[in-house]
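One structure below.
The values are calculated or read from the model by the stated rules, or taken from the named source; none is laboratory data. A quick note: this is a predicted structure, and the numbers were derived from the prediction, not measured. FYI the Cβ positions are ideal-geometry reconstructions off the backbone, even for glycines, and counts take in every protein chain you see. The accessibility values were calculated without ligands, DNA or RNA, using every heavy atom of the protein model including side chains. Shrake-Rupley method; radii C 1.70, N 1.55, O 1.52, S 1.80 Å.
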Amino acid sequence: MMKHMLSLYFIMGSGDCTRDPLTVLDEAIQGGITMFQFREKGKKALTGLEKYRLAEKLFERCKDHNIPFIVNDDVDLALALQADGVHVGQDDEEAARVRDRIGDKYLGVSVHNLAEVRQALAAHADYVGLGPIFPTVSKDDAKQACGLAMIEHIRTYEKHVPLVAIGGITEQTARQVIEAGADGIAVISAICRAEHICEQTKRLYETVMHAKRRG
Ligand code: 3NM
């Protein structure tokens, strides 16, 4: 179930979009995304009521299409909206504490190595996001790219952990990422910066699903 939901995980905030975020999300949903994360970060990020209102509208769209709606690094917002889950990084609120606060909602944790995967599992994370696999233009404070080898390394020791790969993943690299052992890809720019979002999303979905069926 979780491993299917991670297949094509779309992450977005208003700063990632050159068009109306609702339109971008609608087209991505039509293209076949399997999970969505609202990540309102960066210099021009919305805050307070504006952030809440945008999240609320995006969540409505996800609910209409049965797409799990995850909030990045804002437990209060996730609880206020009754979102499906929360995603936190290593520098955000501690995963174990978030787990206590959100009960059985989904908990995702960003990781960079095997030790962090194990810590996340100890905090009862539902999935981990490993990255950046490749260099990314979408995260100012991203660490150095860890490459496909880190996916293989983690898969060798943690065979069952639901793992989504993130960072610089494109239609061209999606297949290798799945073959290395990821359950899915998480992308911002591969969808947000596409000229035709729906068509591009469909291609990403087909690429991931084809690679997963072969695995
Ligand atoms: N987290 P794109 S990389 C949000 O390494 C995020 O944890 C990362 O965007 C991590 O698909 C990243 O445009 C940005 O590279 C992903």
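For segment 72-177, what does the relative contact order come out to in percent, with C-alpha contacts under 8 Å and a separation of six or more?
21
Going Cα to Cα from residue 159, which lysines come in below 27 Å? Please leave out same-chain ones fewer than 8 positions away.
Those lysines meeting the cut-off are 3, 105, 143, 212.
With N denoting the number of residues in segment 1-128, provide Rg(C-alpha) divided by 2.2 N^0.38 Å, to two decimal places.
1.02
222 nm [θ] for the chain, helices only, -39500 (n - 2.57) per DSSP H run of 4+, per residue, to 500?
Roughly -12500 deg cm²/dmol at 222 nm, from the helical runs in the chain.
Under a 1.4 Å probe, what is the accessible area of the chain per residue, stated in Å²?
Spelled out: the 1.4 Å probe surface of the chain, per residue, equals 49 Å².
Would you calculate the separation in nanometres between label points at residue 30 and residue 152, each defined as 7 Å from the Cα along the Cα-to-beta-carbon direction?
For residue 30 paired with residue 152, the spin-label model returns 4.0 nm.
I need the Debye-formula profile for the chain: one equal scatterer per C-alpha, no solvent, reported as log10 I(q)/I(0) at q = 0.12 1/Å, two decimals.
Those come out to -0.56, one per q.
What length, rounded to one decimal in nm, is gained on full extension from residue 49 through to residue 199, with 0.36 nm per residue of separation minus their alpha-carbon distance?
50.7 nm
Leaving out ligands, DNA and RNA, and with a 1.4 Å probe, what % of the accessible surface on segment 1-147 is carbon or sulfur?
Carbon and sulfur together cover 47 percent of it.
Starting from 0.36 nm per residue, how many nanometres of slack lie between residue 64 and residue 91 once their C-alpha separation is accounted for?
Going from the current span to full extension adds 6.5 nm.
Identify which of 168, 108, 42 has the largest mean-square fluctuation in a Gaussian network model of the chain, with springs joining Cα atoms closer than 10 Å.
Maximum fluctuation in the GNM of the chain, among the listed residues, is at 42.
Please enumerate, by chain and number, the lysines with C-alpha under 17 Å from the C-alpha of residue 43, excluding those fewer than 8 residues away in the same chain.
Of all the lysines, those that pass the test against residue 43 - Cα under 17 Å, at least 8 places apart if same chain - are 51, 139.
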